[in-house]
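What follows is calculated from the coordinates using simple rules that are stated; it is not laboratory data. These numbers come from a predicted model, not from an experiment. As a convention, Cβ positions derive from the backbone with ideal geometry for all residues, glycine included, and neighbour counts pool all protein chains shown.
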There are 2 protein chains.
Amino acid sequence: MADGTAVHKVVIIGGGFGGMVAAQALDKTPTHVTLIDRRNFHLFQPLLYQVATGGLSPANIAAPLRSVLKKQRNTHVLLGEVTGFDLAAKAVLLKDGHSVPFDSLVVATGSTHHYFGHDEWATRAPGLKTVEDATEIRRRVLLAFERAEREPDPAVKARLLTFVVVGGGPTGVEMAGAISELARLTLSGDFRTFNPAIARVIIVEGQNRVLAGFHPQLSTKAKASLEGMGIEVWLDSHVTAIEPDHVLVKPEGGKGEARRIDTETVVWAAGVKASPLGKMIADAVGGVQVDRAGRVPVNPDCTVANRPDVFVIGDLASHPGKDGKPLPGLAPVAMQQGEYVAGVIVRRIKGETPKGPFSYLDKGSMATIGRAKAVAESMGFRFSGYLAWLAWLFIHILYLARFENRVMVLFQWFWNYITRNRAARLITGLRPPDSRGA
Amino acid sequence: MADGTAVHKVVIIGGGFGGMVAAQALDKTPTHVTLIDRRNFHLFQPLLYQVATGGLSPANIAAPLRSVLKKQRNTHVLLGEVTGFDLAAKAVLLKDGHSVPFDSLVVATGSTHHYFGHDEWATRAPGLKTVEDATEIRRRVLLAFERAEREPDPAVKARLLTFVVVGGGPTGVEMAGAISELARLTLSGDFRTFNPAIARVIIVEGQNRVLAGFHPQLSTKAKASLEGMGIEVWLDSHVTAIEPDHVLVKPEGGKGEARRIDTETVVWAAGVKASPLGKMIADAVGGVQVDRAGRVPVNPDCTVANRPDVFVIGDLASHPGKDGKPLPGLAPVAMQQGEYVAGVIVRRIKGETPKGPFSYLDKGSMATIGRAKAVAESMGFRFSGYLAWLAWLFIHILYLARFENRVMVLFQWFWNYITRNRAARLITGLRPPDSRGA
């Protein structure tokens, strides 16, 4: 690899589920891999809600990219921000002026929050995609309890102790469950002027059930579990305003009167859109239009339009599934695509016959609701309750087991489970404690 | 405790070593305690350098105040910022407009960095007092390595891989040792364009030895240990300029030519001054002048001037030791004072004879230099090397054992020791990765 001129250069942008798996699958192949990311770590996003509620530290669910790829000698990690593509010259342009040449390009920069035209809500209702998002939500949730402790006005106190989660998908359900457990179990006895168990947690969901990606039967079970934990589930409901001290909710369709929820803490779990790099690569290829969620339509082999050397995978791609609908934005889809694309590239280098189109093997999906409560479905089977939670735990540990900090997470989890404690409930960040979240 | 009118009200400001111990010592006494802090956690500052170098997560060395004091039913934790004192009305004033009445007041807000008239250095050379300081230093140190990886100019690369620690006290020695181990052990093999072991780490110390608070023999051993780890120790040297890309160092006395160190990463460990609340309480009492380091001179019983109801302890106080010199700003001093002051208050309430003056029992001091290397002195005995390190580990675990997260820290430590890894080496914070530290 002295100068790498003869070796096939693969540039992967994004060290999430798709990019990381693609890089790992190219180990010990005749390629030189450059993995570019803005962050120096791979983040296990499905557990961010645990960071947002003080159960885990950011380091528990993040693995330094260099550390993961340390022994992969054909792979080079570059911390940098991509600002453009020069596809004619086959190069990726970085913000610091460098240009990185490629023979094959894999774009896997994922998704970010989508406020559906209400970008002003971003500061009032943070979403949950980055470590900073999670520590900011942690700060707001914990500060609300702290402010309630010194608040004499019962109406303001009640407002401070009301938490609204917008969106009833897996992230929304997990966040709501975790806030409820924080209030009922962890903070029990921590305050002197109120019982934290009185905190209201409300999920506002636009569709007629939570976890709409699952079988209706599991949606029903999940709703019952949530309500059993004291969480209010408002279905067929749309948020129409998010103000510093309240939220307005209208019934689906926009008819009927808006209901007002007095709250200062809102978490956004309602939608995602593709990272801006989607439009950038689509424009660079030319003749390609991203869809409404900013995703790049890809060919069955994950390439874009007539560029066999440009792959887009994961949340950034709109890949036609078997039923013609785009594949969902799930970690397993991205991971399987990462593996697949690595295979396509290696076969091409070796001059072997190309692989068939990418096909997603749906092993199932699961969502956790709380302590020993989850729903899962796989290959036509449906589980809920303790068994589903054990399955969820097992799958997550299995994934984390790829990384060095697996032992620590396992231990921290076990410890939290036994003690019902969340030791990472720190209010950090440089804002003064008397300032409001918004 | 229905309305608390008949109960003696103790207000403690600051949940550090002094304030926390004072609060705990007032458990099950006929008092009502209010502990006010700007942060919601007690921080074990001696291990902040581990956070700054990615060895531990902030939550490993922080314990939520409410959690620690949860079962202490006479104690109330208040998150808030003190803006003044109304000693005539016996009340503490908070930023949010509340006023908290007291019968006895304990001020224990500690110290902050001291740049000796060069406040403009604060952004260029952050100190190590808060969780945010530690994650900022971690960000800068790790970013310097990341930028070196993509830097083609060898001079700039060398500058990026040079780390200057200003101050050779315990914090400076620990920081330098940890940065050196990060470079030599943890990051080994992580980069493709350089070997991180070439990183230069320089301690700049104004006195003629490091660890000047220890016996000269231990200073000599510590210097040898540091140099054995490849760290440069510049004694009798004063920093006279800190610029974004270099530092100027002059020999003690200011004579001779300035030497230039090209570096972009400087850590400040050279001095502390008392928190601004020192001057505020001195002014409120009247007739009291804080010393050059901003400390409040206190009576032998830790009270201020003619106010037997106002105590100042820990780093904020200048307490005359047996030899007439002020007691050092160490955690054990603050802790013993916290315990002492609680005793004074309780005896007073019970009408018992007052305690004698506070007297500090010096059980010894220790500083760690690196993996299995430390120096310690206690009761005339001096240790260094592995034995001192084991003693250091034991004492620290003993202290942390007061808090719930003891098991996790122990486990994380053990894990790091075995694997030589530092899993918490995350670059976090909202600045873009291409921006400079300064």
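Looking at the P(r) of region B:7-104, how many percent of alpha-carbon pairs lie beyond 24 Å? Walk me through the intermediate numbers first.
Working: 1304 of 4753 pairs.
Tail of the P(r) past 24 Å holds 27 percent of the pairs.
Fewest to most neighbouring Cβ within 10 Å: what's the order for B:E352, A:E377?
Numbers: B:E352 10, A:E377 21.
Going from sparsest to densest Cβ surroundings: B:E352, A:E377.
Of all chain B C-beta atoms, the nearest to the rotation axis linking B with A is recorded, alongside its rounded Å distance, as B:S57, 2. From the Kirkwood radius over Cα pairs of region B:113-203, Stokes-Einstein at 20 °C and 1.002 mPa s returns a whole-number translational diffusion coefficient of 154 µm²/s.
Each label was represented as a point 7 Å from its Cα along the Cα-to-Cβ direction; for B:L398 and B:L185 these points are 2.4 nm apart.
For the residue pair B:A6 and B:F116, what label-to-label distance in nm results when each label sits 7 Å from Cα along the Cα-to-beta-carbon direction? About 5.8 nm, to one decimal. An ellipsoid equivalent to region A:90-153, defined through the eigenvalues of its Cα gyration tensor, has semi-axes of 40, 14, 10 Å when rounded to whole angstrom and sorted largest first.
Give the angle, between 0 and 90 degrees and rounded to the nearest 10, that separates the Cα long axis of helix B:170-181 from the longest principal axis of the Cα atoms of chain B. That works out to roughly 40 degrees. Taking 0.36 nm per residue of separation and subtracting the current Cα-Cα distance, fully stretching the chain between B:T220 and B:A155 would add 20.1 nm. The alpha carbon convex hull volume per residue for the protein assembly as shown rounds to 166 Å³. By the rule of a C-alpha distance below 26 Å, with chain neighbours fewer than 8 residues away ignored, the lysines paired with A:K255 are A:K223. Report, in whole Å, the centroid distance computed from the Cα atoms of region B:221-277 and region B:320-356. Between the Cα centre of region B:221-277 and that of region B:320-356, the gap is 36 Å. Using a Debye calculation, one point per C-alpha and no hydration shell, please list log10 I(q)/I(0) for region A:185-276 at q = 0.12, 0.21, 0.23 Å⁻¹ in order. Once normalised to I(0) and log-transformed, intensities are -0.49, -1.16, -1.24.
Normalising by the residue count of chain A, find the relative contact order in percent from Cα pairs under 8 Å and 6+ residues apart.
19
According to a simple spin-label model (label point 7 Å from Cα along Cα-to-Cβ), what is the distance in nm between A:A197 and A:A372? It works out to 1.7 nm between the two label points. For B:R260 and B:K325, the difference between the fully extended length at 0.36 nm per residue and the C-alpha to C-alpha distance is 19.8 nm. For B:S111, the residues whose amide H sits under 5 Å from its own are B:S275, ignoring neighbours fewer than 5 places away on the same chain, with H placed 1.01 Å from N. Evaluated at q = 0.08 Å⁻¹, the base-10 log of the normalised Debye intensity for chain A, with identical point scatterers placed on the Cα atoms, takes the values -0.48.
On the principal axes of its alpha-carbon atoms, region A:284-394 has extents of 48, 35, 22 Å, going from largest to smallest. The HN-Hα couplings worked out from phi for region B:65-72 by the Karplus form 6.51 cos²θ - 1.76 cosθ + 1.60 (θ = phi - 60°) are 4, 4, 5, 5, 9, 3, 8, 8 Hz, whole numbers, x standing for Gly and Pro.
Return the subset of B:K70/B:K350; B:K70/B:K322; B:K221/B:K325; A:K71/B:K221; A:K9/A:K363 for which the Cα-Cα distance in this structure is over 29 Å, preserving the input order.
Working: B:K70/B:K350 26 Å; B:K70/B:K322 37 Å; B:K221/B:K325 27 Å; A:K71/B:K221 37 Å; A:K9/A:K363 32 Å.
From the list (B:K70/B:K350; B:K70/B:K322; B:K221/B:K325; A:K71/B:K221; A:K9/A:K363), the Cα-Cα distance tops 29 Å for B:K70/B:K322; A:K71/B:K221; A:K9/A:K363.
Extension gain for A:R292 to A:A241 (0.36 nm times residue separation, less C-alpha to C-alpha distance): 16.1 nm. In plain terms, if you count all Cα to Cα distances in region A:32-164 and split them into 5 Å steps from zero, the share in each step is 2, 9, 13, 14, 15, 14, 11, 8, 5, 4, 3, 2, 1, 0 percent. Taken over region A:117-274, the percentage of Cα pairs per 10 Å bin, counting from 0 up to the bin with the maximum distance, is 11, 41, 37, 11, 1.
For chain A, what does -39500 (n - 2.57) per DSSP helix run (n ≥ 4), summed and divided by total residues, give at 222 nm, in deg cm²/dmol to the nearest 500?
On the way: 11 runs with 127 residues, N = 438.
Theoretical 222 nm ellipticity from helices: -9000 deg cm²/dmol.
Panel values: region A:229-351, Kirkwood radius from alpha carbon pairs, Stokes-Einstein at 4 °C and 1.567 mPa s, translational diffusion coefficient 74 µm²/s.
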